[in-house]
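Let me begin by presenting the structure, written as structure tokens, before commenting on it.
What follows draws every value from the coordinates through simple rules; no lab data is involved. A quick note: this is a predicted structure, and the numbers were derived from the prediction, not measured. A quick note on method: Cβ atoms are made from the backbone with ideal geometry, for glycine too, and the neighbour counts reach across all protein chains shown.
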Amino acid sequence: MNSLPMEQTWMVLVDLLTDLKKKGVEISQAVIEDIRMAKTLINFYKVDPTDPERNKEVKRINEFMSSVQITLMDFAEKQGDDYRELWMEKLKKVSRGEQLYKLGEKKSKFVVGAPSGFSMVRITFKKPISEDRLQEIEEYHNVIMEFENDEIVVIYGDDEHIKDSLKEISPFFKEQMD
């Protein structure tokens, strides 16, 4: 599914919020909660936009985002007319359906067959990684590692064992950045 205009609006608001925080503007927790709730409802709606029950959420999404937009634009105005106009222009563009942000298609995956009582974490590497490189870490830290593909690994185990194994795996991330 392509990015929805409401999703693009959400991204503009998140960027504005982030930029305002970088400028030292105090943003209330209520605004942050509203923007989170809007994203949750957008994701709920995107599962099946044809479902009448999900369509009812569009009104709530708009209410949350309107509230956030009003608050953030008030803060933007205090930063100056040029700053406010910059963000207003972005909001206008996305309201006309322009896509300012490239959003990846992420599908939530429920892991079937996860061992009962274990925690889990999914890691995505930028480049394929060999199973041999992780096998020693798996055995030493008493965790279960399953490869979904060459780049995605799911780790099962106790919380502490998972944390310890992630510390051992972290150099692989740095290696892939170089």
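Some notes on this structure:
- Out-of-range pairs (alpha-carbon distance over 26 Å; input Lys22/Lys93; Lys23/Lys167; Lys90/Lys127; Lys39/Lys174; Lys46/Lys93): Lys23/Lys167; Lys90/Lys127; Lys39/Lys174
- Computed [θ] at 222 nm, deg cm²/dmol, the chain (DSSP H ≥ 4; -39,500 (n - 2.57); rounded to nearest 500): -20000 deg cm²/dmol
- Residue order, fewest to most beta carbons within 10 Å, for Met11, Met65, Met73: Met73, Met11, Met65
- Legend: calculated FRET efficiency, Phe44 to Leu100, from the Cβ-Cβ distance at R0 = 25 Å, rounded to 0.05, equals 0.60.
- Ranked by the mean number of other Cβ atoms within 10 Å of their residues, highest first, the peptides 160-166, 93-99 come out as 160-166, 93-99.
- Label point at Lys78 placed 7 Å out along Cα→Cβ; residues across region 15-39 whose backbone nitrogen lies under 17 Å: 16-32
- Relative to the longest principal axis of the Cα atoms of the chain, the long axis of helix 5-22 makes an angle of roughly 90 degrees.
- Only Lys, Arg, Asp and Glu carry charge here, each on its Cβ (+1 for the first two, -1 for the last two); on that basis the chain has a dipole of about 900 debye about its Cα centre.
- Degrees between helix 57-78 axis and first principal axis of the chain (Cα, 0 to 90, nearest 10): 70 degrees
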